[in-house]
Amino acid sequence: MKKIQLSTSITVFETVSELPKDVQELMNEAVQIRKTAYAPYSNFHVGTAFLLENGEVVTGNNQENAAYPSGMCAERVAVWKASSQFPDIKILKIAITASSVNNQVTEPVAPCGACRQTLSEYEIKQDANIEIYFMGETGKIIKTDSLHDLLPLAFDKSFL
Ligand code: THU
């Protein structure tokens, strides 16, 4: 028996103005699309913007449903949109922001487990890391250099 320590790393930015210029713009797009989320049940609005290698920006937000599990997170709406429209174009960077009607979200909101797994599939497919930047409505922004940092021990095609 042996115990193995897995490590992960994040970068923390204090404000949006500290982000690289292209990421500031990407985060602004995420903020804009967050405003049109359809989230009447949770009142929790998530917006995301993906920068692709061809310069296109693909955005998405969460879409809820009265039959709750039929709704979908912003990140999966956007990644499936990107993969449908631009199947062979790499995703370089993702910006994510979340806000709530009920309270101010001041801590960075990380993608849920199912979204991490879904995004991981595309990072493996494109054989290139995806940078992910996530924040609340205000406050710090966390960056990970790869899905590996968000989802160590991911399930992938090698198990099939
Ligand atoms: N949500 C996202 O859009 N992305 C996540 O990674 C976490 C959760 C949405 C799903 C649901 O509409 C609302 O936030 C509350 O869970």
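Bear in mind these aren't lab numbers, they're just calculated from the coordinates by the rules spelled out. In this text the structure is predicted, and so the values were computed from the model without any measurement. Using ideal geometry, Cβ is built from the backbone for each residue, glycine included, and neighbour counts are taken over all protein chains shown.
Can you tell which of GLY139, GLY47, GLY60 shows the greatest fluctuation in a Gaussian network model of the chain with Cα springs below 10 Å? Among GLY139, GLY47, GLY60, the largest GNM mean-square fluctuation belongs to GLY139. Taking a ≥ b ≥ c as the square roots of the Cα gyration tensor eigenvalues, the stretch 59-137 comes out oblate, since a/c reaches at least 1.5 and a/b does not exceed b/c. Looking at the stretch 11-153, the DSSP beta bridges with both ends there are about 80 percent antiparallel. Taking each residue as 0.36 nm, the span from THR15 to LEU52 lengthens on full extension beyond its C-alpha to C-alpha distance by 11.0 nm. Each of MET27, MET72, MET135 was scored by other Cβ atoms within 10 Å of its Cβ. Arranged with the fewest first, they read MET72, MET27, MET135.
Shape of the chain from its Cα gyration tensor (a ≥ b ≥ c, root eigenvalues): rounded if a/c is under 1.5, otherwise prolate when a/b > b/c, or oblate? Here the chain falls in the rounded category. Rank TYR41, ASN61, THR15 by how far each Cα sits towards the positive end of the charge dipole of the stretch 1-61 (+1 on Lys, Arg Cβ; -1 on Asp, Glu Cβ) and give me just the farthest. Checking the options against the dipole of the stretch 1-61, the answer is TYR41. For the stretch 90-160 versus the stretch 1-68, the spacing of their alpha-carbon centroids is 7 Å. In terms of the mean number of neighbouring beta-carbon atoms within 10 Å, the peptides 2-14, 86-98 order highest first as 86-98, 2-14.
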